[in-house]
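Visitor: First the structure, then my questions, so here it is.
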Protein chains: 2
Amino acid sequence: MIKITLPDNSVREYSKGITGAEIASSISPRLAKEVLSVTVNGEIWDINRPIEEDSSVRLHKFEDNEGKHAFWHSSAHLMAEAIEQLFPGTKFGIGPAIENGFYYDVDPGETVTITELDLPLIEKRMKELAALSQPFLREPVSREEALRIFNEKGDSYKTELISELEDGTITLYRSGEFTDLCRGPHLPDSGSIKAIKVLSVAGAYWRGDEKRKMMTRIYGITFPKQKMLDEYLEMLEEAKKRDHRKLGRELELFTFSQKVGMGLPLWLPKGAELRQRLIDFMTAELKRRGYSMVSTPHIGNVDLYKTSGHYEKYGADSFQPLKTPQEGEEFMLKPMNCPHHCEIFNATPHSYKDLPVRMAEFGTVYRYEQHGELHGLTRVRSFTQDDAHHFCEPDQMKEEFKSIIDLVQWVFNSLNFNEYTAQISLRDPANKEKYIGNDENWDKAEKAIIEAASEKGLETVIVKGEAAFYGPKLDFMVRDAIGRKWQLGTIQVDYNLPERFDLHYIGRDNQKHQPVMLHRAIFGSLERFVAVLIESTAGKFPLWLAPEQVVILPISEKFHDYAKKVSNFLNNYDIRTLKDERNEKIGKKIRDNELKKIPYLLIIGEKEAEAGTVSVRRQGEGDRGVMELEEFARFIKDEITRETA
Amino acid sequence: MIKITLPDNSVREYSKGITGAEIASSISPRLAKEVLSVTVNGEIWDINRPIEEDSSVRLHKFEDNEGKHAFWHSSAHLMAEAIEQLFPGTKFGIGPAIENGFYYDVDPGETVTITELDLPLIEKRMKELAALSQPFLREPVSREEALRIFNEKGDSYKTELISELEDGTITLYRSGEFTDLCRGPHLPDSGSIKAIKVLSVAGAYWRGDEKRKMMTRIYGITFPKQKMLDEYLEMLEEAKKRDHRKLGRELELFTFSQKVGMGLPLWLPKGAELRQRLIDFMTAELKRRGYSMVSTPHIGNVDLYKTSGHYEKYGADSFQPLKTPQEGEEFMLKPMNCPHHCEIFNATPHSYKDLPVRMAEFGTVYRYEQHGELHGLTRVRSFTQDDAHHFCEPDQMKEEFKSIIDLVQWVFNSLNFNEYTAQISLRDPANKEKYIGNDENWDKAEKAIIEAASEKGLETVIVKGEAAFYGPKLDFMVRDAIGRKWQLGTIQVDYNLPERFDLHYIGRDNQKHQPVMLHRAIFGSLERFVAVLIESTAGKFPLWLAPEQVVILPISEKFHDYAKKVSNFLNNYDIRTLKDERNEKIGKKIRDNELKKIPYLLIIGEKEAEAGTVSVRRQGEGDRGVMELEEFARFIKDEITRETA
């Protein structure tokens, strides 16, 4: 008998040679049906591989990343088998599972091309193969044997990969007629792959090297249920419509210019308004919560970054230092605001009575990203962080954490981000030498985070070994309207910078003490946050955030005077208003302005002008009836109050 | 007879050989007493130099720069004469008039040092010499003769200067026993120098070259009346107290850090608050006036600056371009916002109906200044401009100019800058080749500025030849509370960038047209403007701008609860409040907080806590009586409304 320890720390005894599948069966028939892979002593295995010794075991379903990985990795093999049958002689590169689905890089030979038109064919063959419920068979082989097999097949990409592997570590997986070099794990058989979509085809250099062969990369995704695939494809369709790059252009929020440089967003008036509104919203709340705003330059002498350690870290892969006419003088674009904030902390003396100091800045930072990695507003070279640093006594850490969690929850709430989770990243207790700072401080900080999260009722996952080298952290993940997850909000403990900048305060004992520093951002960056907002609202921003809240549509030129009166009236209430005085039919004006996603449309004609009223339409929802001006202004104000309450 | 044309274009006839002094006499006895120098056909002359031909003539009094210049230049000679008598064997360098007074660089020899202690002595001797009313006698000499004279005297600095002059252009001036190499002009005699102050002594390298001799630089100032000197010295004393670097430190507004880099201000919380208040104040008004805010990064690809022409201009003396890991990719810190704004204009199509486009940004720009040129916030390497660009049709130029002048006047008014003048800088009609753009455009732009200024009732000086190469401009000068002048506000026409960036809009004729671009800033830079604000208010900011408006002083710990209640109450009214809960006597608390220049001090004790009132003191003015909380909040709000009305 061997002892199997489960994630809840319960221990069960089983016969030697028990498999993950059998353990699942012994727990519940439902689990037995759903289990896809198993982690045995930290290594992911097939669920039918025998376990020979006492082990700690985690079973993975499709909902878990490890389960999805096995599912999609097996699906990649299935696709390769289909391609081999449809395009005989195809050579195979690599075929990994990715965040959503899988791909396979293949080389169909000089004379054959696989195009979009072939994808339905591949998909059909995959479905046929899946229906056969072919098992995926694991087979450890010697290097010699592996080379022989793939040489015989003529799979030169595989032999190249094998030649780089160590003997004794090589496994093959066979399914039906297809054999692949593969570490696994895989599903027991293809029968659970019920829903299949081959998505797209693209080019990709073999091993990412532009000097080598351009392969054909085929993307696919699979699910255990058709309904899940339908939902995924619907989400994909919806995501395409909500793509912030597309909506950003259509709604005239931001642009990029080749001359200014890739990845450097230019905020157009409406985008700048939206951005400013987020800044104002956050600033007002920060002031209520005892933060002080500061403002610092976008460059710093290299000495600053030598002190902070960023100089070493941001090396050749980054924006290079900037010389001046003075010999030996060099500056760097700031990659983060913390070194500047440390210098501000150092600029005035501090007593324990002044702590915590909460210093905030909407600081624009610059980080070099490769051209190919840039993506709309989510991956840029300049971005503005809603950055803050808390300098506190060690004993204040928990309260500061709680206050930040509270702020994050308040912000998410105000923006209707109602589904979110948090991850607590702790140090790897087995590799303490990777981290700076002593045990006592780490224990104190980790305890503070865990307790703070629990006291604030936060749903958390604790992951060991994912802390930064300078301290543990807490990250928030938000789920958007179409089910995608976005990382927003981070809180990090830092024992490093206070040391490097020799920060101190005078304690109750009249001695110098080193404060703890917490880094935190809630939006993360305004650029990324606006992208998330656009994608999650599909550009229909909440009224309080909308760059333009009301558009006035006079039905003819005769009512331009009254339009002006309405506009002035609303401007006095700080309602952001514009007029559409084009010489167009009212129907067209309504249609055009609906597309601009301006929340309210006011139609005015004879009746309205005479009565001093407006006919109100809600974008996307239709008529809201006739209102007097004062009534409409109150109506708008009430909606904003409800939104931001 | 010759014809003399006066500035009002009137023409008078005089005998040949008439002097400026005699012309002044012929106009009025008072003018005769006050005239100090005369411009004859564009050249400044002594007032007793005979005029031999038809000429245009301007007479200068002490109030004019040209008058002051002659007065102070003559005073420098007077000081040199005094030094020569007191320190025989002293060699003389140069002794120019400067913005306020004059200096002389002297070399008293190896064994003699002139120190602060000698200054009263020099001053006394100057007064004695002035009382002698010695004439300043102009004497054209040959180079040979000049070299002979100064060689004989052993004045090696003067002979070095003479050796670089062309023969036939050299004049000497003699006064008493002192002879100087000098272009003039000078006063007729030293009798009008009634009030004299030798101010200070410093070191200065001969000809600014650190490899050459360190000379002794002695500064002085003189006036035609003792009262003027007294006022000047008082102003100097007051200016020292108001020095923004000193007050910035004392009021904890900003700081500099060696590690971050010289000339890169770090805004501390109170300074950042003040700065933000100026931004908010301006932004609200810009929106009312039809501006759109945009936001752009702080770097741009060198291509942007090659297009704009800044790449050529900001060369070796500037921050150098910034490389990236990608071969050939280079960025520059932005020295101005206009190229980015041009790219934003280009990002969307424009019709004549969209013009004028008014695009504004509080954009932080970076310009390299030599270490030695940096000065507090007035000369920095990073500064935030309240920058805007108007893109308009040529015919809209005058209206746009008027709207900007109106805005400038509104801002000055709101900030109590009631004394200001403006300078219109036009092209030099004799050197048209120095400027880009055609005659028609220049005439149109110059006419637009002149008419706009006149229609807005602006007091202006028109100066030919001071326009930028790309267009004419209008600059505002503000006089502060102690009489100093600051340049604030500029409007410039630009025909260059629209051409370089190929900006265009579709006109009424359905053809492409190039818009005119106006650059304008009102604060200029927030850094410089805050410096001006500090120096002109001596740190006593108007209530609406004060970073902290009210400080609550409980007379003992017993009243901390009530202090908190008062603080919360005022916070709800957005009144920026802090509490002084130190364990100190109320007298000391009042004194300490008066020094912080917080506008209102609220003293609370038994009586106030019971009655729900506060005892109000105005900083620097004293008691304002007891008020109820609501009453005090209204009182504050009313004052702010009055200030910003």
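Visitor: For the stretch A:113-153, which residues satisfy the criterion of being loosely packed, with under 15 Cβ neighbours inside 10 Å and in a loop (DSSP other than H, G, I, E, B)?
Guide: A:113, A:115, A:132, A:133, A:142 - these are the residues of the stretch A:113-153 that are loosely packed, with under 15 Cβ neighbours inside 10 Å and in a loop (DSSP other than H, G, I, E, B).
Visitor: Within the stretch B:607-634, how many residues are open to solvent by less than 40 Å² (accessible area, probe 1.4 Å), under 43 Å from the mean Cα position of the chain (by Cα), more than 16 Å from residue B:593 (Cα to Cα) and of a type outside the set (A, V, I, L, M, F, W, C)?
Guide: 1
Visitor: What single numbered condition from (1) at pLDDT 90 or above; (2) buried (at least 18 other Cβ atoms within 10 Å of the Cβ) fails to hold for residue A:415?
Guide: Here residue A:415 meets the rest and fails (1).
Visitor: Now a separate question. Which pairs do you get when a residue that is outside the structural domain of residue A:519 (by TED's automatic domain parsing), found in the stretch A:291-312, comes within reach of a residue that is acidic (Asp, Glu), reach meaning Cβ atoms under 6 angstrom, with the pair 6+ apart or on two chains?
Guide: none
Visitor: Among the residues of the stretch A:233-257, which ones are open to solvent by 50 Å² or more (accessible area, probe 1.4 Å) and farther than 29 Å from residue A:200 by Cα?
Guide: Scanning the stretch A:233-257 gives a single hit, A:252.
Visitor: Search the stretch B:375-406 for residues being within 26 Å of residue B:513 (Cβ to Cβ) and among the hydrophobic types (A, V, I, L, M, F, W, C), and hand back the single one that is surrounded by the most Cβ atoms within 10 Å (Cβ to Cβ).
Guide: Result: B:388.
Visitor: While we're on this one: Restricting attention to strands (runs of 3 or more DSSP E) lying wholly within the stretch A:450-532, give those where 3 or more residues are open to solvent by less than 60 Å² (accessible area, probe 1.4 Å).
Guide: Passing ranges, in order: A:473-479, A:485-494, A:516-525.
Visitor: Please list, ordered by first then second residue, the pairs with beta carbon atoms under 8 Å, 6 or more apart or interchain, first in the stretch A:10-21 and within 9 Å of residue A:49 (Cα to Cα), second at pLDDT 95 or above and of a type outside the set (A, V, I, L, M).
Guide: Cβ pairs passing all conditions: none.
Visitor: Oh, and also: With respect to residue B:327, determine if the residue is more than 7 Å from chain A (Cβ to nearest Cβ), charged (D, E, K, R) and in a loop (DSSP other than H, G, I, E, B).
Guide: yes
Visitor: Just to verify a result, which residue in the stretch B:272-281, among those that are in contact (Cβ under 8 Å) with a residue 12 or more places away in the chain and open to solvent by 10 Å² or more (accessible area, probe 1.4 Å), is farthest from the other protein chains (Cβ to nearest Cβ)? It would help to see each step written out before you state the result.
Guide: From the stretch B:272-281, those in contact (Cβ under 8 Å) with a residue 12 or more places away in the chain are B:273-275, B:277-279, B:281; that's our starting set.
Filter again for open to solvent by 10 Å² or more (accessible area, probe 1.4 Å), leaving B:273, B:275, B:277, B:279, B:281.
Values: B:273: 7, B:275: 6, B:277: 11, B:279: 10, B:281: 14 Å.
Among them, the one singled out is B:281.
Visitor: If I filter the stretch B:253-271 down to residues being more than 23 Å from the chain's Cα centre (by Cα) and at the interface with another protein chain (Cβ under 7 Å from one of its Cβ atoms), which single residue comes out as farthest from residue B:382 (Cα to Cα)?
Guide: Restricting attention to the stretch B:253-271, the residues satisfying the condition of being more than 23 Å from the chain's Cα centre (by Cα) are B:257-261, B:268-270.
Among the residues that remain, those that are also at the interface with another protein chain (Cβ under 7 Å from one of its Cβ atoms) are: B:257, B:259-261, B:268-269.
On the way: B:257: 13, B:259: 15, B:260: 12, B:261: 10, B:268: 16, B:269: 18 Å.
The residue in question is B:269.
Visitor: Right, something else. For the stretch A:467-479, what are the residues that are in contact with an Asp or Glu (Cβ under 8 Å, 6 or more places away or on another chain) and either over 20 Å from residue A:516 (Cβ atoms) or of a type in the set (Asp, Glu) (or both)?
Guide: A:478, A:479, listed by residue number.
Visitor: Quick one: would you say residue A:336 is aliphatic (A, V, I, L, M), under 13 Å from residue A:367 (Cα atoms) and either at the interface with chain B (Cβ under 7 Å from one of its Cβ atoms) or without any contact (Cβ under 8 Å) to a residue 40 or more places away in the chain (or both)?
Guide: Here the answer is no, as residue A:336 does not meet what is asked.
Visitor: Residues that are β-branched (Val, Ile, Thr) and surrounded by fewer than 19 Cβ atoms within 10 Å (Cβ to Cβ): does the stretch A:560-579 have at least one? Show your work before the answer.
Guide: So the first thing to find is which residues in the stretch A:560-579 are β-branched (Val, Ile, Thr), and the list is A:566, A:575, A:577.
Those still in the list that are surrounded by fewer than 19 Cβ atoms within 10 Å (Cβ to Cβ) too: none.
There is no residue in the stretch A:560-579 that is β-branched (Val, Ile, Thr) and surrounded by fewer than 19 Cβ atoms within 10 Å (Cβ to Cβ).
Visitor: Got a sec? Which of A:170, A:196 is among the aliphatic types (A, V, I, L, M) and within 28 Å of the chain's Cα centre (by Cα)?
Guide: Within the list A:170, A:196, the selection yields A:196.
Visitor: Follow-up question, since we're still on this one. From B:233, B:264, B:247, B:229, grab the single residue that is within 25 Å of residue B:364 (Cβ to Cβ) and part of a helix (DSSP H, G or I).
Guide: B:247
Visitor: Kindly evaluate residue B:420 against the criterion of being open to solvent by 40 Å² or more (accessible area, probe 1.4 Å) and over 30 Å from residue B:280 (Cα atoms).
Guide: no
Visitor: Right, another one. Between A:360, A:284, A:347, which is more than 7 Å from every other protein chain (Cβ to nearest Cβ) and surrounded by fewer than 17 Cβ atoms within 10 Å (Cβ to Cβ)?
Guide: A:284
Visitor: Within the stretch A:292-324, how many residues turn out to be more than 7 Å from chain B (Cβ to nearest Cβ) and either of a type in the set (Gly, Ala, Ser) or open to solvent by 20 Å² or more (accessible area, probe 1.4 Å) (or both)?
Guide: 10
Visitor: If you go through the stretch B:189-226, how many residues are in a loop (DSSP other than H, G, I, E, B) and within 18 Å of residue B:102 (Cβ to Cβ)?
Guide: Adding up the residues that qualify gives 4.
Visitor: In contact with a strand residue (DSSP E or B) (Cβ under 9 Å, 6 or more places away or on another chain), modelled with pLDDT under 95 and under 30 Å from residue B:537 (Cα atoms), is that true of residue B:268?
Guide: On the way: in contact with a strand residue (DSSP E or B) (Cβ under 9 Å, 6 or more places away or on another chain): yes; modelled with pLDDT under 95: no; under 30 Å from residue B:537 (Cα atoms): yes.
Criteria not met by residue B:268.
Visitor: Right, next: For the stretch A:369-380, name all the residues that are facing chain B (nearest Cβ under 10 Å) and within 26 Å of residue B:362 (Cβ to Cβ).
Guide: A:380
Visitor: Do we find a residue being assigned to a helix (DSSP H, G or I) and either closer than 18 Å to residue A:546 by Cα or free of Cβ contacts under 8 Å to residues at least 60 places away in the same chain (or both) anywhere in the stretch A:599-607? Break it down into steps so the answer makes sense when it comes.
Guide: Quick first cut of the stretch A:599-607, residues assigned to a helix (DSSP H, G or I) only: A:606-607.
If we keep only those that are either closer than 18 Å to residue A:546 by Cα or free of Cβ contacts under 8 Å to residues at least 60 places away in the same chain (or both) too, we end up with A:606-607.
Yes, there is a match, as at least one residue in the stretch A:599-607 is assigned to a helix (DSSP H, G or I) and either closer than 18 Å to residue A:546 by Cα or free of Cβ contacts under 8 Å to residues at least 60 places away in the same chain (or both).
The values are calculated or read from the model by the stated rules, or taken from the named source; none is laboratory data. Not measured: the values here are computed from a predicted model. When we count neighbours, we look across all protein chains shown, and the Cβ atoms used for this are built from the backbone with ideal geometry, even at glycine. Areas reflect the complete protein model, heavy atoms only, side chains present, ligands, DNA and RNA absent. Shrake-Rupley method; radii C 1.70, N 1.55, O 1.52, S 1.80 Å.
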